[in-house]
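Input: a single structure, listed below in structure tokens.
The values are calculated or read from the model by the stated rules, or taken from the named source; none is laboratory data. This structure is a prediction, so every number in the text was calculated from the model and none was measured. Note: ideal-geometry Cβ built from the backbone for every residue, glycine included; neighbour counts use all protein chains shown. Heavy atoms of the whole protein, side chains included, go into the accessibility calculation; ligands, DNA and RNA do not. Shrake-Rupley method; radii C 1.70, N 1.55, O 1.52, S 1.80 Å.
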Amino acid sequence: MKSEKFASALDMQSEQQYIELYEQAREMIFSHAPEAMNAVRDEAFEDFRKQGFPSKKVERYKYTDIQKLFAPDYGVNLNRLEIPVDPYEAFRCDVPNLSTSLYFVVNDMFYRDDKPKGHLPEGVIIGSLRENTHFIEKYYAHLAKTSEDAITALNTMLAQDGMLVYVPKNVKVDRAIQIINILKATPQNAQRQVPDLMVNRRVLIVLEEGAEIKMLFCDHAADDRNFLATQVIEAYVGENASLDLYCLEETHYKNVRLSNVYIDQQANSRVNHNVITLHNGVTRNKLDLTFSGEGAECQCYGCVIADKEQHVDNNTLITHKVSHCTSNELYKYVLNEKSTGAFAGRVLVEHGAQKTISQMTNQNLTATKEARMYTQPMLEIYADDVKCAHGSTVGQLNDAALFYMRQRGISLDEAKLLLQNAFINEVIDHMQLEPLRDRLHYLVEKRFRGELNKCSGCKLCK
């Protein structure tokens, strides 16, 4: 490790440097984490050691070079040095008219303060994992199997804290919960600024029977530095419960984001999962959703706007284990300049999962000849009484529509913007939070005009 209290990976093979990091800093990692998180850490380490980072030959990682992303020498704040930031001053992210309860995660640490967050119903918990160890023992790392994914194993072996969201039986949280994830690389009293920083963020969501909550995660970068963020979200959605989960990324070109979301749905539950990538460097989002109870349904939406050399890879697996469940997926990409997009979706209908209804759609616009899109929708069905369909398209802007608009005095650039905006807005229109939906329409237009990345601070309040 380097002389600073920031542990750092050595310049070797991508996985070997993290293996040696864990072996050298194991006691430090354990000393700053609750016992319940430490209980699964060594097992995750052994899983990671056996697997190593996946190559592009691995089916679910064929479109993103994971080994290359982890090759740089990143610092890891294993000694939990304080990161001086006042998020309330730096980020005023309350979406107008949404009246969210606002919380912050600085790198991978839940931000604790005494400022009011808005009234929460009795029994609802939103706080640090290390302060709610009962839930860790019961739920932590049960959905996120470290033996099946190296990124999840790495996150489990290095994560020292995280965020817990718990809603008890039949409780409805009317006020949307907004979590701002802030990336910042400057530790307090450091000799110099850390050039590259890796963070390992963990989120545990537990909804008991009949519970309801709406959550918005916003990712931002406060420093113009290289960041690598791994994130693992585990969500347990009980019988008749309802979860709306929105994930909005608006970082910068130097950010690498690897997010794995695991959702388990019980009978008659409902999930809306929305992923919005407005600005990024390299992003890979993985969603594993399982229907464990009959009558459950999920709506999964994603929209991506990318340019320059940005890379966005969305990978989904929806498993129908039981009958009478419904899943719907719609992902749309608009790619400009030399950007790269990828979508791989798989719906697995297991034996006995009769009366399954599933629709998967991926539609993409490549606005330049240099942009690249890879799409792979898949159905794997072992039941005979189902209604399942999938489709994907990759195309360019409609020349006839462009000609029609130019004939009426609209410039070529403005015509392209209007067509791209109309294309991506279909995804946004499906979102249930009306104030967020309206705000995103505005942000998407700014993004297409090249204005969004010129703003400072949080773009949601400009």
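If you count, for each residue, the other Cβ atoms within 10 Å and average over each peptide, how do 380-388, 434-442 line up from highest to lowest?
On the way: 380-388: 13.1, 434-442: 16.9.
The most tightly packed comes first, giving 434-442, 380-388.
Give me the aspartates and glutamates in straight-line cross-link reach of LYS387: C-alpha distance below 20 Å, same-chain residues under 8 apart excluded.
GLU294, GLU297, GLU329, GLU350
Say each of LYS369 and ASP438 gets a label point 7 Å from the Cα, pointing the same way as Cα to Cβ; how far apart are those two points in nm?
Once both label points are built, they end up 4.4 nm from each other.
Cα gyration tensor of region 362-444, axes a ≥ b ≥ c as square roots of the eigenvalues: rounded (a/c below 1.5), prolate (a/b > b/c) or oblate?
Values: a/c = 2.63, a/b = 1.54, b/c = 1.71.
It is oblate, given that a/c is not under 1.5 and a/b is not larger than b/c.
If I stretch the segment between GLU209 and LEU397 completely, what's the gain in nm (0.36 nm per residue apart, minus their alpha carbon distance), one decimal? Kindly include the intermediate steps, with their values, before the conclusion.
On the way: separation 188, 0.36 × 188 = 67.68 nm, distance 4.63 nm.
Stretched fully, the GLU209-LEU397 segment lengthens by 63.1 nm.
Rolling a 1.4 Å sphere over the protein heavy atoms, what is the accessible area per residue of region 286-374, to the nearest Å²? Could you put the intermediate results ahead of the total?
On the way: 2780 Å² over 89 residues.
In whole numbers, region 286-374 has 31 Å² accessible per residue.
Quick one: 3J(HN,Hα) in Hz for region 175-185, Karplus 6.51/-1.76/1.60 with θ = phi - 60°, rounded, Gly and Pro as x.
In residue order, the calculated couplings are 7, 5, 9, 10, 10, 9, 8, 10, 9, 9, 10 Hz.
Apply the Karplus parameterisation 6.51 cos²θ - 1.76 cosθ + 1.60, with θ equal to phi minus 60°, to every residue of region 428-444 and state each ³J(HN,Hα) to the nearest whole Hz, in sequence, with x for glycine and proline.
Per-residue couplings from phi come out as 4, 5, 7, 6, 7, 7, 4, x, 5, 4, 5, 5, 5, 4, 5, 5, 4 Hz.
What is the Cα convex hull volume of region 347-392 when expressed per residue in Å³?
51
Points 7 angstrom from Cα along the Cβ direction at PHE30 and SER128: gap in nanometres?
A separation of 2.1 nm, rounded to one decimal place.
Need one word for the chain: rounded, prolate or oblate. Basis is the Cα gyration tensor (sqrt eigenvalues a ≥ b ≥ c); a/c below 1.5 gives rounded, then a/b vs b/c decides. Intermediate values should be presented prior to the final figure.
On the way: a/c = 1.37, a/b = 1.18, b/c = 1.17.
Because its axes are fairly even, with a/c under 1.5, the chain counts as rounded.
Using DSSP to call loops (not H, G, I, E or B), can you name the GluC sites (Glu not before Pro) in region 24-87 whose Cβ has at most 11 other Cβ atoms within 10 angstrom?
Numbers: sites: GLU27, GLU35, GLU43, GLU46, GLU59, GLU82; in loops: GLU82.
In loop regions of region 24-87 (DSSP not H, G, I, E or B), the sparsely surrounded GluC sites (Glu not before Pro) are GLU82.
For a quick check: with amide H placed at 1.01 Å from N, whose amide H comes under 5 Å from THR100's, ignoring anything fewer than 5 positions away on the same chain?
Residues meeting the amide H criterion: VAL95.
In region 177-301, what is the volume of the convex hull around the alpha carbon atoms, normalised per residue and reported in Å³? Intermediate values should be presented prior to the final figure.
On the way: hull volume 11.2 nm³, N = 125.
Convex hull volume per residue, Cα atoms: 89 Å³.
How would PHE227, PHE403, PHE110 rank on accessible area, largest to smallest, probe 1.4 Å? Please report the intermediate quantities before stating the final value.
Working: PHE227 0, PHE403 130, PHE110 20 Å².
Descending accessible area places them as PHE403, PHE110, PHE227.
Structure shown: which of LYS286/LYS355; LYS68/LYS338; LYS338/LYS446; LYS184/LYS254; LYS369/LYS416; LYS332/LYS369 lie over 22 Å apart, alpha-carbon to alpha-carbon?
Distance filter (> 22 Å) returns LYS286/LYS355.
Would you please give the residues with an amide H less than 5 Å from that of CYS300, counting only those at least 5 places away or on a separate chain, with H modeled from the backbone geometry?
The list, which skips near neighbours in sequence, is HIS273, ASN328, GLU329, LEU330.
Working from the alpha-carbon coordinates of region 126-222, get Rg over Rh, Rh being the Kirkwood radius.
1.02
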